[in-house]
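Some notes on the structure that comes next.
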Amino acid sequence: MPTAGAATEANVECPPNMTFAELLRANQSMVFSLAYHFLRDRGAAEEVAQDVFLRLHGKLDDLADSRHVVFWLRKVTSHRCIDYARKRGSQFTIALDDTSEPSVASQPGDPLLNRRLQQLIAALPEKPRMVVVLRYQEDLTPEEISEVLEMPVRTVKSHLHRSLAMLREKIERSMGDIR
Amino acid sequence: MQDFEQQLRDALARKEQPPYFEAKVLAATRRQPKPVFLRWAFATASALLIAAGIWTDHRAGIQAKEQLQLALRVTVTELGKVQRTVRASTEEE
Amino acid sequence: MIKLALITCLSLAPLGAQELKIPASLDRLAAKATEVVDVTMDANLLQLAGRFLSDKNPDDAQVKKLIEGLKGIYVRSFEFAKQGEYQDSDVEPVRAQLHTPAWSRIVGVRSQKSNENSEVYVKTGNGKIGGLAILVTEPKQLTIVSIEGSIDPDQLGQLGGHFGIPKIDTRKETGHGKDE
């Protein structure tokens, strides 16, 4: 379970009444990463992230507080990613050249294991995939994910449970017992 | 289980966006046109306001001209009356 | 006649001017009147009206020139169906203002026949006319005109027959021309 919600961290990063440029600077890594982990395509992630921020730019006056922006960004990015993946359909390919991509901090853990996990996550169906990304990239609780993705908490938990079981089984099969 | 979840967190750690991303988005916002509806609404509202302003000014101006005309008509008529009375009283004398 | 009186009073008139204020109490006469003319034009309204006067139209141009130096035109005229609808006391506040050193009466004539009393006053200062007031009382009509600012009565007279203003006919009775 999450130690500290990423949403809480983001709130700290986003005090009220920030300008668009400040919001962009504070949240670009989060938006880009959501898109990248979901789509596994750097160009597509960039395209989606830019689209999300342009939407934010047009919507900023309607968002009462900068703190709502973080929730709005997660929600719009998630839905935009799912739409993008559906439109792309069979053209979907997993980029395998991501080992050179820098993380915000140097990526922790075993690089080989990380890469294999990323590939397995990318192979999940769209909604469970986004649930996993939001859960482990953003450290959101199932309740928070249910709000972002507009699905029942029970469904979120179900997606998480099945996805984790499937990922664990596949990673164990390909790399041995990770414990 | 906790180790596996930590592995997932490590695998899904935030990625850094391309270094040019921020500048690219900011540039795009400057180019971003207003939504068509907003542009139409803005243009229509502006046109209506200008038209209303012009019409109000025009109507007020016409009214002012008519008021002036009336005021001068009364003034000149009354001056004529005064002259007539003066002439009449002079003739009486 | 008016012109001669003007020249005389310009040379004698004291400096320092006072605006003629048409008393609000006169407004109650409107309820009894069959016809009312109520015009209040301050400098702003005159300026606005001036913008709607064409320089190309000779009549408009003449009026435009006339109002250039004006600060205001105020007219109250009441026409009654019968005599006795207004009292001397109604007009007294106006007369009281005109009977101050700032104002000079250039014409004061009373017709015994028609019981009409006509008075013309000018406000003068620095050898210039700074205002004109006309007070005409008839048994069934009361008219007060106050023009603030530099005004040439000759120019006013020339307006007759132009700009929708009836030509001054001194030989016979005429109305205001309100319905003309």
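Of the residues making up the range C:80-92, at least one is away from chain B (no Cβ under 11 Å), on the phi > 0 side of the Ramachandran plot and not in a helix (DSSP H, G or I). Pairs meeting the criteria (first residue in the range C:100-123 and away from chain B (no Cβ under 11 Å) and aliphatic (A, V, I, L, M), second residue in a strand (DSSP E or B) and surrounded by fewer than 19 Cβ atoms within 10 Å (Cβ to Cβ), beta carbons under 8 Å, at least 6 apart or on different chains) are C:Ala102/C:Gly125. Scanning the range A:132-162 for residues that are without any contact (Cβ under 8 Å) to a residue 60 or more places away in the chain, within 12 Å of chain B (Cβ to nearest Cβ) and within 16 Å of A:Ala85 (Cβ to Cβ) turns up just one, A:Val132. Scanning the range C:111-122 for residues that are touching an Asp or Glu at 6+ places or on another chain (Cβ under 8 Å) and within 17 Å of C:Thr100 (Cα to Cα) gives no hits. The helices (runs of 4 or more DSSP H) falling completely within the range A:37-134 that include 3 or more residues that are over 23 Å from A:Leu167 (Cβ atoms) and at pLDDT 75 or above map to A:42-59, A:66-88. Within the range C:112-137, being more than 15 Å from B:Val74 (Cα to Cα) and either assigned to a strand (DSSP E or B) or among the charged types (D, E, K, R) (or both) holds for C:Lys113, C:Glu116, C:Asn117, C:Tyr121, C:Val122, C:Lys123, C:Thr124, C:Gly125, C:Lys128, C:Ile129, C:Gly130, C:Gly131. Scanning the range A:121-144 for residues that are in contact with a Ser or Thr (Cβ under 7 Å, 6 or more places away or on another chain) and polar (S, T, N, Q) turns up just one, A:Gln137. The single condition among (1) basic (Lys, Arg); (2) under 24 Å from B:Ala60 (Cα atoms); (3) surrounded by 14 or more Cβ atoms within 10 Å (Cβ to Cβ) that C:Lys56 does not satisfy is (3). The set of residues in the range C:35-79 being hydrophobic (A, V, I, L, M, F, W, C), farther than 24 Å from C:Ser118 by Cβ and either more than 8 Å from chain B (Cβ to nearest Cβ) or assigned to a loop (DSSP other than H, G, I, E, B) (or both) consists of C:Ala43, C:Phe52, C:Leu53, C:Ala61.
This table checks each residue for (1) modelled with pLDDT of 80 or more; (2) more than 7 Å from every other protein chain (Cβ to nearest Cβ); (3) out of contact with any Leu (no Cβ under 8 Å at 6 or more places or on another chain); (4) over 30 Å from A:Ile121 (Cβ atoms).
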{"residue": "B:Val25", "(1), (2), (3), (4)": "yes, no, no, no"}
{"residue": "B:Thr29", "(1), (2), (3), (4)": "yes, no, no, yes"}
{"residue": "B:Phe37", "(1), (2), (3), (4)": "no, yes, yes, yes"}
{"residue": "B:Trp40", "(1), (2), (3), (4)": "no, yes, yes, yes"}
{"residue": "B:Thr56", "(1), (2), (3), (4)": "no, yes, yes, yes"}
{"residue": "B:Ala60", "(1), (2), (3), (4)": "yes, no, no, yes"}
{"residue": "B:Ala64", "(1), (2), (3), (4)": "yes, no, no, yes"}
{"residue": "B:Gln67", "(1), (2), (3), (4)": "yes, no, no, yes"}
{"residue": "B:Ala88", "(1), (2), (3), (4)": "no, no, yes, yes"}
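Residues in the range B:49-80 that are closer than 28 Å to C:Gly108 by Cα, among the hydrophobic types (A, V, I, L, M, F, W, C) and in contact with a Phe, Trp or Tyr (Cβ under 7 Å, 6 or more places away or on another chain): B:Leu72 alone.
Note on the range C:73-89: residues that are surrounded by fewer than 20 Cβ atoms within 10 Å (Cβ to Cβ) and within 17 Å of the chain's Cα centre (by Cα) total 1.
The values are calculated or read from the model by the stated rules, or taken from the named source; none is laboratory data. Note that the coordinates shown come from a computational prediction; the quantities given were computed from them, not determined experimentally. Every residue, glycine among them, receives a Cβ derived from its backbone with ideal geometry; neighbour counts consider all protein chains shown.
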